[in-house]
1. By average Cβ neighbour count within 10 Å, what is the ranking of 43-50, 75-82 from highest down?
2. Take Cys24 and Leu86, extend 7 Å from each Cα along the Cα→Cβ direction, and tell me the distance between the two endpoints in nm.
3. So how much slack lies between Glu16 and Asp56, counting 0.36 nm per residue of separation and subtracting their Cα-Cα distance, in nm?
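What follows draws every value from the coordinates through simple rules; no lab data is involved. Everything numeric in this text was worked out from a predicted model, so none of it was measured. Cβ coordinates were reconstructed from backbone atoms using ideal geometry, including for glycine residues, and neighbour counts include every protein chain displayed.
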Amino acid sequence: MSGLGALFGNTDDEQELRCSRAGCSNPAAATVNWRNPKIHSEDRVKVWLACNDHIDYLRDYVATRNFPVTVADIGNDVTRVQDGILDLRSSSISFGFLE
Ligand SMILES: [Zn+2]
């Protein structure tokens, strides 16, 4: 069910995926996919990489401009950003601190 293994298991690819937030060099944990409806056609997808600390920041940055935004797992390519705010991450609820 997971396409992540192919990405993270490939040691030939030395290029690490880093967070797109300025000044942040944490490894990316998700992609923030968005478009500006005023200038981008519906099949255009802009992709930012986000670490766990900045997923919410980057998503909200786009969302507050009323742009459609979709958060997804890395490796789960988003080919179309639907209207509204979408979170497709399979692991989006597993970061709590359950004691
Ligand atoms: Zn970050």
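1. Output ranking for 43-50, 75-82: 43-50, 75-82.
2. Each label point is offset 7 Å from its Cα along the Cβ direction, giving 2.2 nm.
3. Contour length minus Cα-Cα distance gives 12.3 nm.
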